[in-house]
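**Student:** This structure is in structure tokens; I'll ask about it shortly.
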Amino acid sequence: MKFILTSSIFAGILVGISSHLSAAQWEKHTVVPAGKGSINGVSASDFDKDGQIDVITSVNGEVIVLKGPDWERFPVHQFVKGLARNKPRPACIHSCLMDVDGDGDMDFIGSNQTVFWLECPDDPFSGAPWKYRTVDDEILGTHCVITGDVNRDGKLDLIANSFRDPNATKFYNSIVWLEVPKKPHEAKSWIRHVFADKDAPGGSHYMGFGDVNGDGRPDIAAGAKGTQGFVRGQWFAWWEQGEDATMPWKKHLLATDEEGASNIIPADFNGDGKMDYCASRGHGKGVLWFKGPNFEQIEIDPEIAFPHSLDVADLNGDGHPDAVTCGKETDGVVKWYKNDGKGIFTSHLIGKDQGSYDTRTIDMDKDGDLDVLIAGHGSKNVVWYENPLK
């Protein structure tokens, strides 16, 4: 779940990077024990409306739903050739939830060479496969799928990137938003709008959604790594939506030479009524924020290694947006950064020796606070940490 609200600097940095173990301990719970396959994305919802949170993820050639609270495993889709033009990999690189067909339950959207959706049936745990349908099999390198009402028509849209080179796709170095067709059960693909038209080079990663300039129209930000052969990456940027959401948007660079840039999420961190950004360098080091409206760059934790996942949410219930991240390798640390409401962050340790590609803040135990759900890429597991702060 993304939280969207919608010399002095140096002193603030010193305060913000002070790290210590909170007196309140976060208890770790296992949903999927460590196995053989990497798990890159995870989402949660009460799919059968029994009052218990369930979890959905993909691993080892299939999408599985785990029924809470005992996490009984139900495979709902097998990755096989022939469903789309692209051969699938053993697991999605990213995923999210969306009520695609408006029937009141959450459907699964995944990116596995092809962006697709699985329809949640009336009985999600019957043992029958969830119906597979293609969203878009022409964009490629889709490392992120998020939802938001882009054109403000009261319906959620899907936002996805396409960072492969010109030899692989005509939508290279681009980011798109996709409208759900009027008859999603019959459509062969969704309605594609390219808002970042070939101006998102490098390995674009995760995106943030929200009205940043206060014009009433939601904008979209992204980070892009430039490591491992990705050309012209290492940047954070946001795209300003114009009057016509279907036309290319105006790009604004926030920072360059940001090694391993990956995540960026908007929120008002210092309570001045202006939108800021929190960001992480998931293929490098560091968590930082950009202070709006001029987006002055301020480090929060410059030393944390490979903070590949990032969420912004009010974790301690004080009304201020905090941040949470986890390193991607097996020795990764899980941290949350307490925001005092003025943009001063204090680092707290949640856990150690846990890798992550994806985190979600969600009330897993229905006790009224937000817990941290983690897809363990390197750790090859799914776990959640129980919030002790309220």
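The values are calculated or read from the model by the stated rules, or taken from the named source; none is laboratory data. Everything quoted here is computed from the prediction, not taken from an experiment. Counting neighbours? That spans all protein chains shown, and the Cβs are built from the backbone with ideal geometry, glycine included. Accessible surface areas use protein heavy atoms only, side chains included; no ligands, DNA or RNA. Shrake-Rupley method; radii C 1.70, N 1.55, O 1.52, S 1.80 Å.
**Student:** Does the range 4-17 contain at least one residue that is open to solvent by 20 Å² or more (accessible area, probe 1.4 Å), at pLDDT below 95, within 24 Å of the chain's Cα centre (by Cα) and not β-branched (Val, Ile, Thr)?
**Tutor:** Yes, some residue in the range 4-17 is open to solvent by 20 Å² or more (accessible area, probe 1.4 Å), at pLDDT below 95, within 24 Å of the chain's Cα centre (by Cα) and not β-branched (Val, Ile, Thr).
**Student:** On to the next question. Of the conditions (1) out of contact with any Pro (no Cβ under 9 Å at 6 or more places or on another chain); (2) within 18 Å of Thr325 (Cβ to Cβ), Glu240 clears all except one; give me its number.
**Tutor:** Only one criterion in (1) out of contact with any Pro (no Cβ under 9 Å at 6 or more places or on another chain); (2) within 18 Å of Thr325 (Cβ to Cβ) is unmet by Glu240, namely (2).
**Student:** Being open to solvent by 10 Å² or more (accessible area, probe 1.4 Å) and out of contact with any Ser or Thr (no Cβ under 9 Å at 6 or more places or on another chain) is the filter; apply it to the range 231-243 and report the residue that is farthest from Lys285 (Cα to Cα).
**Tutor:** Ranking the qualifying residues of the range 231-243, first place goes to Glu243.
**Student:** Next question. Find the residue count for the range 179-191, including only residues that are under 21 Å from Arg152 (Cβ atoms) and open to solvent by 70 Å² or more (accessible area, probe 1.4 Å).
**Tutor:** 2
**Student:** Checking the conditions here, which among Val176, Val194 is open to solvent by less than 10 Å² (accessible area, probe 1.4 Å) and outside any loop (DSSP other than H, G, I, E, B)?
**Tutor:** Unique residue meeting the criteria: Val176.
**Student:** Condition test on Ala221, is it part of a loop (DSSP other than H, G, I, E, B), surrounded by 23 or more Cβ atoms within 10 Å (Cβ to Cβ), hydrophobic (A, V, I, L, M, F, W, C) and at pLDDT 95 or above?
**Tutor:** no
**Student:** Are any of the residues in the range 248-260 under 28 Å from Lys390 (Cα atoms), open to solvent by 10 Å² or more (accessible area, probe 1.4 Å), outside any strand (DSSP E or B) and not β-branched (Val, Ile, Thr)?
**Tutor:** No, the conditions are met nowhere in the range 248-260.
**Student:** Can you tell me how many residues within the range 36-60 are at pLDDT below 95 and either polar (S, T, N, Q) or open to solvent by less than 60 Å² (accessible area, probe 1.4 Å) (or both)?
**Tutor:** Number satisfying all stated conditions: 2.
**Student:** Right, here's the next one. If we only count strands (runs of 3 or more DSSP E) wholly inside the range 276-387, which ones have 2 or more residues that are of a type in the set (Phe, Trp, Tyr) and at pLDDT 95 or above?
**Tutor:** 285-291, 334-339, 381-386
**Student:** Would a scan of the range 372-390 turn up a residue that is open to solvent by 30 Å² or more (accessible area, probe 1.4 Å) and of a type in the set (A, V, I, L, M)?
**Tutor:** Yes, because at least one residue in the range 372-390 is open to solvent by 30 Å² or more (accessible area, probe 1.4 Å) and of a type in the set (A, V, I, L, M).
Every residue, every condition in (1) touching a His at 6+ places or on another chain (Cβ under 9 Å); (2) outside any strand (DSSP E or B); (3) farther than 16 Å from His94 by Cβ, yes or no:
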{"site": "Leu158", "(1), (2), (3)": "no, no, no"}
{"site": "Asn167", "(1), (2), (3)": "no, yes, yes"}
{"site": "Gly216", "(1), (2), (3)": "no, yes, yes"}
{"site": "Thr246", "(1), (2), (3)": "yes, yes, yes"}
